[in-house]
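Student: Got a structure for you, questions after.
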Amino acid sequence: MSDSIILGIESSCDDTSAAVLKGNKILSNIAANQKIHMEYGGVVPELASRAHQQNIIPVVNQAFIKANIQQNEISAVGFTRGPGLLGSLLVGTSFAKSLAMGLNVPLIEVNHLQAHILAHFIDDANPKPPAFPFLCLTVSGGHTMIVLVKNYFDMEIIGKTIDDAAGEAFDKIGKIFGLDYPAGPIIDKLAKKGDANSFNFNKPKLDAYNYSFSGIKTSVLYFIQKEIKKNPVFITENLENLCASVQRSIVEILMQKLEKAAADFGIKEVAIAGGVSANSGLREAMLKNAEKLGWNIYIPKFEYTTDNAAMIAMVAKLKYDRGEFADLSVSATARYDI
Ligand code: KG4
Ligand code: ZN
């Protein structure tokens, strides 16, 4: 079973991605990012579906070529069933079903959120994978949650955002600053040149392990509106300091709850996953806690943090080994619990 060759397909949001996994090794992981959404300052679902349909065959072909694998060599097709944008998911789902039927191989459905977490088990994601049970802070443009991972498919969400996701906060605050979409990586880059203690923004006071990010977005908006009245070029003159301060605030909010959860559950195996785990401020905070609190930290390789098909293929492989196959009547689902 370990020499299985799995094709993974991801199309839940605005990245069309395909990957080939042999055993635990990624042979290719191709992604076409849809630039079209930049013009609109966010993902436009209808345009995303159409771009997936244009991209999916070239991307899958590229994945086969890069892996040096023929279509008829694959053991199974894994695809993202949800959660995500329904129109986008339908493209990947229909394609995966047709390909599995055409090649007469098993079809395997994958939960996108589980995939972000289980990306840690890809051969070259980490020097060594996390040990169960571990905590995983899953932070992306659509999700922010702390997950207690007891086993591969035994996960419990112990805290989550009650409004915006952390990536969404980065993107929306970036929009206020006039930055392109997605603003998260741009804020990260600019923050490196700024003073993180220049400005303070309101932080939420929520119980347990839940998050809220709409407050900080409003706090930044009101602050900017007030300052611009006094100085119309306030943003331009302070952009790096603003980015550094926003990043510090978001990272502090994320880490505070994660630290509380780790202490309460007595867990020192702590991982991060999802697009925002590429953030250098968050990575630095994790490293600090490894030293200060003795955490064993797990930060996957960059290409496995943002949306990618390698993580989908990884989960499909775990299910393949258990013989967990989907029926060809399976359909995409926009909401899909862990
Ligand atoms: O996981 P992902 O690729 O897609 C979703 O499932 O949402 O995450 C995309 C999110 C975007 O909000 C983007 O701004 C954010 O991840 N992001 C970052 C960084 N790189 C990506 N946010 C902060 N710092 C970064 N370096
Ligand atoms: Zn994602």
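Student: Would you mind checking which residues have amide H under 5 Å from T161's amide H? H placed 1.01 Å from N; only 5 or more apart, or other chain.
Tutor: For T161, whose amide H was placed from the backbone, the distant partners under 5 Å are T144, Y211.
Student: How much length is gained if the chain between Q71 and Q256 is pulled fully straight, taking 0.36 nm per residue apart and subtracting their Cα-Cα distance, in nm to one decimal?
Tutor: 61.9 nm
Student: How large is Rg over Rh for region 130-299, taking Rg from the Cα atoms and Rh as the Kirkwood inverse mean of 1/r across Cα pairs?
Tutor: Expressed as Rg/Rh, it is 1.00.
Student: Right, something else. How many angstrom lie between the Cα centre of region 6-54 and the Cα centre of region 270-290?
Tutor: Computed from Cα coordinates, the inter-centre distance equals 24 Å.
Student: When the convex hull of the C-alpha atoms of region 79-220 is computed, what volume per residue in Å³ does it have?
Tutor: Each residue corresponds to 166 Å³ of Cα convex hull volume.
Student: Still on this model: Among the helices of the chain (complete DSSP H runs), which have Cα atoms covering no less than 27 Å along the helix axis and a Kyte-Doolittle mean of at least -1.0?
Tutor: What comes out of the filter, once short or polar helices are dropped, is 45-67, 234-265.
Student: Quick query: amide H of Y181 versus all other amide H atoms, modeled in the peptide plane; which residues come in under 5 Å with a sequence gap of 5 or more or a different chain?
Tutor: G41
Student: Any idea how far apart S331 and Y152 come out in nm if each label point goes 7 Å out from Cα toward Cβ?
Tutor: 2.9 nm
Student: Consider all pairwise Cα distances in the chain and report the whole-number % of them above 25 Å.
Tutor: Considering the chain, 51 percent of its Cα-Cα pairs are separated by more than 25 Å.
Student: At 222 nm, what value in deg cm²/dmol follows for the chain if DSSP H runs of at least 4 each add -39500 (n - 2.57) and the sum is divided by all its residues, to the nearest 500?
Tutor: Value at 222 nm, helices only, nearest 500: -14000 deg cm²/dmol.
Student: Charges only on Cβ, +1 for Lys and Arg, -1 for Asp and Glu: so what's the dipole of the chain about the Cα centre, in debye to the nearest 20?
Tutor: 500 debye
Just so you know, all these numbers are worked out from the coordinates, no wet-lab data involved. Just so we're clear, the structure is a prediction, and the values are computed from it rather than from any experiment. With ideal geometry, Cβ positions are generated from the backbone for all residues, glycine too; neighbour counts draw on all protein chains shown.
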